[in-house]
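The values are calculated or read from the model by the stated rules, or taken from the named source; none is laboratory data. Here the structure is a predicted model, which is why all the values come from computation and not from measurement. Please note: Cβ atoms are built from the backbone with ideal geometry, for glycine as well, and neighbour counts cover all protein chains shown. Ligands, DNA and RNA are stripped out before the accessible areas are found, and what is left, the full protein with its side chains, is counted by its heavy atoms. Shrake-Rupley method; radii C 1.70, N 1.55, O 1.52, S 1.80 Å.
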Amino acid sequence: MNIILLSGGSGKRLWPLSNDVQSKQFIRLFKNDNDEYESMLQRVYRQITSVSDAGITIATSRSQVSAIRNQLSDKVSVCIEPCRRDTFPAIALASAYLHDVQNVDMEECVIVCPVDPYVDNSYYECVKSLEAHVKKGDTNLTLMGIEPTYPSDKYGYIIPEAKDTVSTVRSFKEKPDKETAAGYLKQGALWNAGVFAFKLGYLINKVQEITGYTRYDELLENYETLEKISFDYAVVEKESSIKVVRYSGDWKDVGTWNMMAEVMADATKGDVTLDDTCENTQVVNELGIPVLCMGCHDMVIAVSGDGILVSDKERSGYMKPYVEKIAGDVHFAEKSWGTYTVINTEPEAMTVKIKLFAGNNMNYHSHNYRDEVWTVLSGEGRVVIDDKMIPVKQGDTVSAKAGVKHMIIADTDMSIIEVQMGKEISRKDKIIYESEYGKGKKK
């Protein structure tokens with residue numbers, strides 16, 4: 001069995017902790033069995049591997065690869081979209097990747113899952129059960145539907161022929177109003193959770209039929225020209241041979257702060273104090289300064305380097321258009337080698353705090369328009385400046401002028417202050433070189 005995890009999203013509904021680089025699935029607000037904070041991505045990976053030995057491939061954008069590697073190292077394969085084109089192109093590319101790069105046979109089962117539900121392990125036991133239906137071969141597509149707990153206007157609906165655990169599908173319905181949704185529930189309708197199972201060959205043939213391409217390299221090269229269309233519209237709703245498996249366990253779509261507040265491990269995270277009159281209020285503080293809340297009722301408060309949110313819980317679900325107006329540059333990102341936090345910006349200077357994990361290194365790179373100065377706050381490592389290696393430790397400072405190739409290799413965990421100076425400071429101003437140092441080229 002092969003699982004494709006769809007990891008996308010711009011993170012605007014969980015601003016300011018999430019952004020285009022640090023989407024909601026990377027925020028560490030849950031806890032594992034060792035009482036350590038973990039992200040949605042880490043939780044889902046842990047749950048899948050606890051019930052199955054399926055191969056896992058994450059379909060994602062280039063901007064999220066570093067965060068995935070930071071949190072899961074090299075445990076999973078990653079299929080990188082050149083640009084965002086909705087779920088059908090993403091699943092098409094990932095399926096071709098499985099066949100052409102991972103050498104998965106056309107008869108093998110592939111299950112597509114979103115990366116962001118909050119569920120217990122029974123959900124992934126149900127996902128695992130889809131494989132048997134695919135192998136039986138009496139239908140082209142098998143879906144998993146969620147037994148609704150109320151008539152929601154936020155989800156699409158699957159209308160089955162019967163209320164049995166497994167049923168053929170009669171029809172699909174778009175997001176309805178609540179009154180219409182109540183009528184669907186009387187018919188045994190299920191929420192469409194975006195879980196699809198099929199034989200790999202079925203999907204490869206569909207991709208050929210819809211796009212004219214079948215090979216991974218063809219799809220990759222022409223990805224930008226593919227129509228932006230969901231998998232539901234392109235494939236599912238046009239398929240006549242389709243069944244659905246009913247899942248009746250707990251399921252939460254953690255897409256807003258209101259829902260996140262219900263499932264996060266602790267009511268507060270970070271330096272937070274609530275007075276005795278606060279009720280039903282969750283606070284996350286990622287800054288190194290205290291946050292004091294007095295008399296807060298039914299609120300969510302989130303504080304990070306990207307901004308501060310103070311919201312009534314119900315209203316937090318409507319924040320996206322406002323965030324689109326105010327969101328600026330990303331101030332925090334997880335990289336494959338560590339983390340990157342902007343702590344100050346000036347017209348011609350920016351100060352960044354870098355945490356570099358032991359045994360890792362930045363890429364070997366240079367800049368055309370800015371100088372950089374590194375000061376080691378803690379740890380030991382080596383700096384490479386134009387192919388000259390220099391050992392560094394706490395208190396050492398190293399400069400790299402514009403045009404000079406440079407990188408840092410961490411022998412222990414390192415904390416570094418980087419000051420960037422120049423008339424043009426941009427993430428695009430970076431030239432990356434192949435390197436024989438450290439772990440080689442990093443992206």
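A few remarks follow.
- Straightening the chain between residue 343 and residue 431 buys 29.3 nm, computed as 0.36 nm per residue apart minus the Cα-Cα spacing.
- Whole-percent carbon and sulfur share, accessible surface of the stretch 89-189, 1.4 Å: 46 percent
- Estimated from helices alone, the mean residue ellipticity of the chain at 222 nm is -6000 deg cm²/dmol (sum of -39500 (n - 2.57) over DSSP H runs with n ≥ 4, per residue).
- Averaged over residues, the count of other Cβ atoms within 10 Å places the peptides 140-147, 55-62, 365-372 in the sequence 140-147, 55-62, 365-372, highest first.
- For residue 85, the shell of other residues with beta-carbons less than 10 Å away shows a net charge of -2, using +1 for Lys and Arg and -1 for Asp and Glu.
- Both the radius of gyration and Dmax for the stretch 76-129 are 13.0, 34 Å, in that order, over alpha-carbon atoms.
- Segments 284-296, 334-346 sorted - mean Cβ within 10 Å per residue, highest first: 334-346, 284-296
- Dipole of the chain [Lys/Arg +1, Asp/Glu -1 at C-beta], most positive-end residue of 122, 268, 98: 98
- Mean separation of Cα contacts under 8 Å (6+ apart) over length of the chain, as relative contact order %: 14 percent
- Cα-based radius of gyration of the stretch 94-222 once divided by 2.2 N^0.38 Å, which approximates compact folds: 1.19
- Our coupling estimate for the stretch 230-246, obtained by passing each phi through the Karplus curve with A = 6.51, B = -1.76, C = 1.60 and θ = phi - 60°, is 6, 5, 4, 5, 6, 10, 4, 6, 9, 8, 8, 9, 8, 10, 10, 9, 7 Hz, Gly and Pro reported as x.
- Subtracting the Cα-Cα distance of residue 150 and residue 165 from 0.36 nm times their residue separation leaves 3.5 nm of extension gain.
- Dividing the Cα radius of gyration of the stretch 285-443 by its Kirkwood radius returns 1.06 for Rg/Rh.
- Interatomic Cα distance distribution for the stretch 176-281, bins of 10 angstrom, percent: 9, 26, 24, 22, 14, 5, 0
- In the stretch 101-177, one over the average inverse separation of all distinct C-alpha pairs is 14.7 Å, which is the Kirkwood hydrodynamic radius.
- The label-point distance for residue 136 and residue 267, in a model that sets each label 7 Å from Cα toward Cβ, rounds to 4.8 nm.
- Accessible surface of the stretch 190-254, 1.4 Å probe, proportion on carbon and sulfur as whole %: 40 percent
- Residues residue 387 and residue 32, FRET efficiency given R0 of 41 Å [Cβ-Cβ distance, rounded to 0.05]: 0.45
- Spatial separation of Cα centroids for the stretch 31-45 and the stretch 283-349, in angstrom: 22 Å
- Surface share of carbon and sulfur [accessible, 1.4 angstrom probe, percent] for the stretch 260-379: 51 percent
- In the structure shown, the pairs 24/320; 173/243; 31/154; 353/423; 228/430 are assessed against 19 Å; a Cα-Cα span above that value is assigned to 31/154; 353/423; 228/430.
- For the chain, size of Cβ-based charge dipole, Lys and Arg +1, Asp and Glu -1, in debye: 520 debye
- Averaged per residue, the stretch 38-174 has 39 square angstrom of accessible surface, using a 1.4 angstrom probe with ligands and nucleic acids left out.
- Overall form of the stretch 1-141 per C-alpha gyration tensor (a/c, 1.5; a/b vs b/c): oblate
- With semi-axes defined as the square roots of five times the eigenvalues of the C-alpha gyration tensor, the equivalent ellipsoid of the chain measures 41, 29, 19 Å, largest first.
- Residue-span extension gain [residue 224 to residue 241] - 0.36 nm each, minus C-alpha spacing: 3.1 nm
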